[in-house]
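Here's the structure, in structure tokens; my notes come after.
The values are calculated or read from the model by the stated rules, or taken from the named source; none is laboratory data. Everything numeric in this text was worked out from a predicted model, so none of it was measured. Glycine also receives a Cβ, built like all others from the backbone with ideal geometry; neighbour counts cover every protein chain displayed.
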Amino acid sequence: MPQAAEVSEASYRTRIAKVQEAMKEFGLQAIVLEPGPAMMYLTGVRWGRSERSFLLVLPQQGEAAFVLPGFEEMRARELIRRGGDIRIWQEDESPFQKVVEVLKARGVAMGRVGIDDSATFFVFDGIRKLAPKLEYVSAQPVLKAARSSE
């Protein structure tokens, strides 16, 4: 059976740029994704979901960041081909605090943040509690608009 064609790094950059453009159109400052089809489409990173959050934070402007458990760092670095901003959280730390730190570092302190519709509630709730001034909305319209422009 033939394998799927390898997606080029330029294609991933283009996809991310399209999502960032769509964020401007829909008024989102950033989106937060858990592993799944959207993360795979934008980064090529395939990761299983668990109670230990592995997240992608994509701001409207600037570099994306991955937030992941410290013990998974080596394996994750093998999979993450694009984007050097990797934020590690240890067992005694909150991954959601790391997400909020990334948002603040990208200038996102107010406004709308899109959350992947398939995100688990504890991820949304953890971020919301640490950044209550942000408005949380579905990331789906942005993701759909970016893909439809291909």
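Brief remarks follow.
- Within the range 122-150, the set of residues being under 16 Å from VAL19 (Cβ atoms) and in a loop (DSSP other than H, G, I, E, B) comprises ALA139, SER149, GLU150.
- Scanning the range 105-143 for residues being surrounded by 14 or more Cβ atoms within 10 Å (Cβ to Cβ) and under 15 Å from GLN61 (Cβ atoms) gives a total of 9.
- Sole exception among (1) at negative phi; (2) over 12 Å from the mean Cα position of the chain (by Cα); (3) surrounded by fewer than 16 Cβ atoms within 10 Å (Cβ to Cβ) for ASP85, by number: (2)
- Evaluated against (1) modelled with pLDDT under 95; (2) of a type outside the set (D, E, K, R); (3) touching an Asp or Glu at 6+ places or on another chain (Cβ under 8 Å), VAL7 falls short on exactly one condition, (3).
- Residue among MET40, MET23 that is out of contact with any His (no Cβ under 9 Å at 6 or more places or on another chain) and either more than 20 Å from TYR136 (Cβ to Cβ) or among the charged types (D, E, K, R) (or both): MET40
- Some residue of the range 121-137 being of a type outside the set (Ser, Thr, Tyr), touching a Pro at 6+ places or on another chain (Cβ under 9 Å) and more than 21 Å from GLY48 (Cβ to Cβ): no
- Tally of residues being over 23 Å from LEU134 (Cα atoms) and part of a strand (DSSP E or B) across the range 50-76: 1
- Residues in the range 94-121 that are assigned to a helix (DSSP H, G or I), touching a residue at least 12 places away in the same chain (Cβ under 8 Å) and closer than 24 Å to MET40 by Cβ: PRO95, PHE96, LYS98, VAL99, VAL102, LEU103.
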